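Asks: Here it is, the structure, as structure tokens.
The values are calculated or read from the model by the stated rules, or taken from the named source; none is laboratory data. All values reported here derive from a predicted model rather than from experimental measurement. As a convention, Cβ positions derive from the backbone with ideal geometry for all residues, glycine included, and neighbour counts pool all protein chains shown.
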Amino acid sequence: MAREPGNRGRRQRDETPEFADRLVAINRVSKTVKGGKRFGFAALVVVGDQKGRVGFGKGKAKEVPEAIRKATEQAKRQMIRVPLREGRTLHHDMEGRHGAGKVVMRTAPEGTGIIAGGPMRAVFEMLGIKDVVSKSIGSQNPYNMIRATIDGLKKESSPRSVAQRRGKKVADILKKPEAEAAPAAEAAEA
């Protein structure tokens, strides 16, 4: 097996192929100095494995590729794991807040797709969610929207974790209220 010219082989080993990343926003900022203006760039990136792990990062640099690289590195360092139902949607409805940004996320039946705006859509796609309905209320700033979405996703709990915390079985947690009401009504008639 021949080695490719240059450092292509090394770059492939360094990058982790299991993570996908999405550039959400890029801002150009300028600083006025004696000789004129100096431009810099700030990048916001969401990274995920599309199997329940997601993270976001921001990076600043004089050049766009360097800002994106820094943001991606930071996102990989601060990833969170989110339990998914059937690997496609959330277990329960939830709200997330950060600053003036507030987001509402709801579970959805199969085939609904991702109904979400810009930055939230990037988070859900990188997380691997296929069906979700969400709404952003308040701040439309992508930084606040992503932080609010991550805040809400941190509150997500699976029936398994709830059962473990309460010392019960998963079946006891997932019991339907109608199923409990029917035997009680029959006992009252007898």
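Asks: Given the criterion surrounded by 15 or more Cβ atoms within 10 Å (Cβ to Cβ), under 24 Å from Ser157 (Cβ atoms) and in contact with a Phe, Trp or Tyr (Cβ under 8 Å, 6 or more places away or on another chain), identify the matching residue among Ile80, Ile114.
Replies: Just a single option satisfies the conditions, and that option is Ile114.
Asks: If you scan region 134-145, which residues turn out to be under 16 Å from Thr112 (Cα atoms) and either surrounded by fewer than 18 Cβ atoms within 10 Å (Cβ to Cβ) or in contact with a Cys (Cβ under 9 Å, 6 or more places away or on another chain) (or both)?
Replies: Result: Lys135, single match.
Asks: Next question, about the same structure. If Gly59 satisfies all but one of (1) part of a helix (DSSP H, G or I); (2) surrounded by 19 or more Cβ atoms within 10 Å (Cβ to Cβ); (3) more than 16 Å from the chain's Cα centre (by Cα), what's the number of the condition it fails?
Replies: Unmet condition: (1).
Asks: Give just the number: which of (1) outside any loop (DSSP other than H, G, I, E, B); (2) under 18 Å from Lys154 (Cα atoms) does Gly40 not satisfy?
Replies: Among (1) outside any loop (DSSP other than H, G, I, E, B); (2) under 18 Å from Lys154 (Cα atoms), the lone unmet condition for Gly40 is (2).
Asks: If I ask for residues that are in a helix (DSSP H, G or I), touching a Gly at 6+ places or on another chain (Cβ under 6 Å) and among the aliphatic types (A, V, I, L, M), which ones from region 62-82 would you list?
Replies: Passing the criteria: Ala67, Ala71, Ala75.
Asks: Could you figure out which of (1) surrounded by 19 or more Cβ atoms within 10 Å (Cβ to Cβ); (2) farther than 16 Å from Val24 by Cβ; (3) not acidic (Asp, Glu) isn't true of Gln164?
Replies: (1)
Asks: Take the conditions touching a Phe, Trp or Tyr at 6+ places or on another chain (Cβ under 9 Å), surrounded by 18 or more Cβ atoms within 10 Å (Cβ to Cβ) and without any contact (Cβ under 8 Å) to a residue 40 or more places away in the chain and apply them to Ala122. Does it pass?
Replies: Criteria not met by Ala122.
Asks: Contact list please: Cβ distance under 7 Å, first residue in region 56-67 and among the aromatic types (Phe, Trp, Tyr), second residue not in a strand (DSSP E or B), pairs at least six apart or on different chains.
Replies: Cβ pairs passing all conditions: Phe56/Ala75; Phe56/Ile146; Phe56/Ile150.
Asks: Sticking with this structure for a sec: Tell me, which residue of region 165-190 that is in contact with a helix residue (DSSP H, G or I) (Cβ under 9 Å, 6 or more places away or on another chain) and assigned to a helix (DSSP H, G or I) is modelled with the highest pLDDT?
Replies: Among those residues, the one meeting the criterion is Arg166.
Asks: Which numbered condition trips up Val33, out of (1) surrounded by fewer than 12 Cβ atoms within 10 Å (Cβ to Cβ); (2) touching a helix residue (DSSP H, G or I) at 6+ places or on another chain (Cβ under 6 Å)?
Replies: Just one mismatch for Val33, condition (2).
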